[in-house]
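The values are calculated or read from the model by the stated rules, or taken from the named source; none is laboratory data. Nothing here was measured: the structure is a model prediction, and the numbers come from that model. Using ideal geometry, Cβ is built from the backbone for each residue, glycine included, and neighbour counts are taken over all protein chains shown. With ligands, DNA and RNA removed, areas are computed over all heavy atoms of the protein, side chains included. Shrake-Rupley method; radii C 1.70, N 1.55, O 1.52, S 1.80 Å.
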Amino acid sequence: QERRTRTKSDVKAHQDIAVETRFEENVKIFGRSLLTGTEWICESGLKSASEIVNRYDLVSNRLLPDWERGHFCFAKYLDSLLESRIKALSGQVGKGKDKDSTASGSKDDDETWAKMVREDVGCQKYLLQALEEYGRALQLGTKHVFQALPRLLSLWFEFNSIDPRPQRPDDGGGRRSSSSPAAIAQERVALQLEKAQEIANEVIGRNVRAIP
């Protein structure tokens, strides 16, 4: 009787393992198919940015959190949202996208990029998310290392190079009243940027240490 009970238990255990294995395989197939579909939707512009972000997040952070490609593709999309937002806010060409620009034009693009990222929380949000996803991709494999690592370091360096409290040309070397509406708004922007830069440093430190 005891042997029969043990046999039934073994069979049940094997069945549970088989069911779990099939479930994991189905999740993997669904996740990979969802990523392929999301990339196609992204290229064709059939969904809003928020819907596409939700699909990427579902793949990379819930269905297949240990899949390098999911995180890398999500990072690239967040990176593109950052550049698109900068263009929309400034009405100018995004940073480093115009290969035929003169040195002066390139400098203007750099300044525009820094200004938009300094002042816009949405830009900072996309940048921090992109850093996180590039870092996760690098932790999980080396297939995209030559694309992910340079972009990760470039975004981080450029973001940390932004001065939270730049000297404005119209300041005349003097200081505005700290209680003026303009000064209060500028200080709020500076504090938000400093907080975001601290988070960026934490993201970089955490992910770089974990890269194999």
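Which order do you get for 57, 66, 109, 163 if you rank them by accessible area with a 1.4 Å probe, largest at the top? Could you put the intermediate results ahead of the total?
Details: 57 45, 66 120, 109 20, 163 75 Å².
Listed by decreasing accessible area, they come as 66, 163, 57, 109.
Charge tally around residue 197: other residues with Cβ under 12 Å, Lys/Arg +1 each, Asp/Glu -1 each, net -3. Applying a threshold of 26 Å to the alpha-carbon distances of 76/143; 47/195; 107/143; 87/195; 76/195; 87/107 flags 47/195; 107/143 as lying beyond it.
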